[in-house]
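Notes for the one structure printed next.
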There are 2 protein chains.
Amino acid sequence: MRRIDQIEPFRVMQLLERAKELEAEGRKIIHMEIGEPDFPTPASVIEAAKAALDSGDNFYTPSTGNPELQKALSRWYADEYGVSIAAERILITPGTSGAFSLIYAALLEDGESVLLSDPGYPCQRNFIRLSGAEPLNIPVGPETRYHLSADLIEKNWRLGTRAALVINPSNPTGTLIADDELKKVAAACRRLGGYLISDEIYHGLTYGTKARSALEFDDHAIVVNGFSKRWAMTGWRIGWIIVPDELIDACRRVMQNIFIAAPTLSQNAALAAIAATDEIEVMRKAYGERRNYLLSELPKLGFDIVVEPQGAFYIYADVSRITGDSRRFCWDMLEKSGVAITPGEDFGRYKSNQHLRFSYATSLDDIREGIARIRKHLESA
Amino acid sequence: MRRIDQIEPFRVMQLLERAKELEAEGRKIIHMEIGEPDFPTPASVIEAAKAALDSGDNFYTPSTGNPELQKALSRWYADEYGVSIAAERILITPGTSGAFSLIYAALLEDGESVLLSDPGYPCQRNFIRLSGAEPLNIPVGPETRYHLSADLIEKNWRLGTRAALVINPSNPTGTLIADDELKKVAAACRRLGGYLISDEIYHGLTYGTKARSALEFDDHAIVVNGFSKRWAMTGWRIGWIIVPDELIDACRRVMQNIFIAAPTLSQNAALAAIAATDEIEVMRKAYGERRNYLLSELPKLGFDIVVEPQGAFYIYADVSRITGDSRRFCWDMLEKSGVAITPGEDFGRYKSNQHLRFSYATSLDDIREGIARIRKHLESA
């Protein structure tokens, strides 16, 4: 099979397209499938972008990014996590998607592999396949809070495995890896001669706790983050990756060739975003309210939340009390009751038929309406 | 050798870094090495971007791009080239770099190959290597206007060759491929069962002639273009690729996974750029003046321009009357006389020591000063 034929489409896109068709027919659809903040970018970031436009600076930055942004992020790591990260280790990328394209290009060869959790963010498997390498999808469940553990990493690591990926808080489960486990995971990867890649894109979107960066436990960890989620800047395509010294040169060469550089205006706007702490706190509080509401309502309807999610804007529910076919359930729910939810199949194969993901990146009013519709849907089924 | 170890850095970056060091020491450096427009983005595009910022639309577009932009480009192809291209064949990418990441991911497998010209744009070789495939660098000279010809393609095509790439007008030579040759090149690729990839990023920057799109000759050609050069929008990272119907689905799957989407604001700004015809004509005329000046002055100094360049903002000169080592010549010129020029080695191996590339993406005043310095440098050598 050709490499391209192994690249799966986002299945949820089909659901989203159908939702849009229904909307075009005049129906009101409740969107609990989308993993994109429903908030506009903070006003202070918009104003900074306008000022940057007026400055006339529309030229390429260095491939590794605007040095001012690298320095600002270095200071931010000191403030946010108490770690000292040299600015030149922080590479500015076109979104976290760019960061993953970059690191897999720099690390992987044909026939090598990366350990991933199943369920997990579906693009990861495809990124790795496009590098000619193999994603090793390791089934995870409530016993490890839906995360890879040091034990699972030790057991599944093969000759040619180069890294293990943790996304913390997790997409789709919203769960955090325990701090002591993250420390053990980092140590396991190092002992096995590979890298821990920690995707921290949902950091800052936690409720009642704080996510720790892998860099707090191991300076050798590779950390990916960006402005899309916490700062509501998806369309700006701006992220970063922190790599150990020994990978900087390889990454720079890849960046010069495949990106030239991240968007200049977005880099300038990101400088303002770092200072927008009050504006992002307003969003976090709104997500927190929505989360509390769903955590109280969903179990009453038969959706089992086995591990309480502490972060991101996702709730991963076990629906086996309701159905054995979450895909069909989600499509029925959309067609009959106008509520869009992502079926488990989008995130892997392990028990995917008995799970689905709610996103609360949608207004509380819509979520209330969604819950009412789901209740009615279940009563009439 | 690992794949990453085959990825070459941009050599000219080292020259550029040294130039910046010298500037930091207070010296005035004349930049004739940089392939980036020296003009700011047109004012009408800046205003459109500000309006887009005010609209609050900072969310992802569909992976294949904002449908309005796809449609606008479809109309633009009808106006500009008289060809009818369905909007859904026009995929919006993060710069032309994104377009190449995409098409090579969709087309190539380990062990396959792509035909390229030597000299040529250096990133191409690295893109292809990162896909696990092999760039076949075919020496080209004045006899084919420094382009692949149908004859060269027929002779060098192998089992597993998937495409031939033409960049027209060429970087580094600024030469156009003859219209009848482009037609033959497209036919040859089709006959051989592969694709012609036509990089048309310098279209619109031609002087006394007009470049033809490969799509005028063959609807099956893959065309790459973007807003960086003609519209002076490098930092916006916005381009596109036109693919035949049979590749749309594969490309969409790759885009969903590796980009999510091109920057939203840049896509909105690009809609305004298409209408900015007067503003881009002012830039084209300025490049034309600079070109005329250099074409008259360089030969007097011993730089042989064997094929007159009709496009882009480059002049590729044979320096064998002056030196047998263009690399050393360029470094000497920078250190002693403060003029930065790109040595041939950046573009390949074929006769690279006896060539160099002048860019006239720099003001006419600076170019005049550069010529004066070069004259003095040669006299004192």
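The values are calculated or read from the model by the stated rules, or taken from the named source; none is laboratory data. Quick caveat, the model's predicted, so the values are computed rather than measured. Quick reminder, even Gly has a Cβ in these numbers, built from the backbone with ideal geometry, and neighbours come from all protein chains shown.
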State whether one or more residues within the range A:310-318 are surrounded by 15 or more Cβ atoms within 10 Å (Cβ to Cβ), part of a loop (DSSP other than H, G, I, E, B) and without any contact (Cβ under 8 Å) to a residue 24 or more places away in the chain.
no
Just to check your reading of the model, which residue among B:Ile248, B:Ile322 is away from every other protein chain (no Cβ under 14 Å), at pLDDT 95 or above and in contact with a Leu (Cβ under 8 Å, 6 or more places away or on another chain)?
B:Ile322
Quick check: anything in the range A:139-161 within 14 Å of chain B (Cβ to nearest Cβ), within 20 Å of the chain's Cα centre (by Cα) and touching a residue at least 12 places away in the same chain (Cβ under 8 Å)?
no
Among the small types (Gly, Ala, Ser), on the phi < 0 side of the Ramachandran plot, surrounded by fewer than 22 Cβ atoms within 10 Å (Cβ to Cβ) and in a helix (DSSP H, G or I): is that true of A:Gly235 in this structure?
no
Filtering the range A:101-121 down to residues that are closer than 21 Å to A:Glu345 by Cα and either at the interface with another protein chain (Cβ under 8 Å from one of its Cβ atoms) or β-branched (Val, Ile, Thr) (or both) yields A:Val114
Check on A:Thr323, more than 18 Å from A:Leu301 (Cα to Cα) and part of a loop (DSSP other than H, G, I, E, B):
no
Test A:Arg328 against the criterion of being among the charged types (D, E, K, R), within 20 Å of A:Tyr146 (Cα to Cα) and surrounded by fewer than 24 Cβ atoms within 10 Å (Cβ to Cβ), and give yes or no.
no
So B:Ile280 clears everything in (1) among the aliphatic types (A, V, I, L, M); (2) over 17 Å from the mean Cα position of the chain (by Cα); (3) crowded, with 24+ Cβ neighbours inside 10 Å except one condition, right? Which one?
(3)
Please work out which one of (1) of a type in the set (S, T, N, Q); (2) over 30 Å from B:Met13 (Cβ atoms); (3) more than 24 Å from the chain's Cα centre (by Cα); (4) within 9 Å of chain B (Cβ to nearest Cβ) is the condition A:Thr41 fails and give its number.
(3)
Residues located in the range B:357-381, provided they are over 15 Å from B:Leu16 (Cα atoms), among the aliphatic types (A, V, I, L, M) and crowded, with 19+ Cβ neighbours inside 10 Å
B:Ile367, B:Ile371, B:Ile374
Identify all residues within the range B:75-100 that are touching a helix residue (DSSP H, G or I) at 6+ places or on another chain (Cβ under 6 Å), more than 14 Å from chain A (Cβ to nearest Cβ) and crowded, with 21+ Cβ neighbours inside 10 Å; write none if there are none.
B:Ile90, B:Leu91
Residue check, A:Ala273 touching a residue at least 40 places away in the same chain (Cβ under 8 Å), more than 14 Å from chain B (Cβ to nearest Cβ) and of a type outside the set (Lys, Arg):
no
Residue list for the range A:136-181, filter: of a type in the set (Gly, Ala, Ser) and either in the same structural domain as A:Met32 (by TED's automatic domain parsing) or assigned to a loop (DSSP other than H, G, I, E, B) (or both):
A:Gly141, A:Ser149, A:Gly160, A:Ser170, A:Gly174, A:Ala178
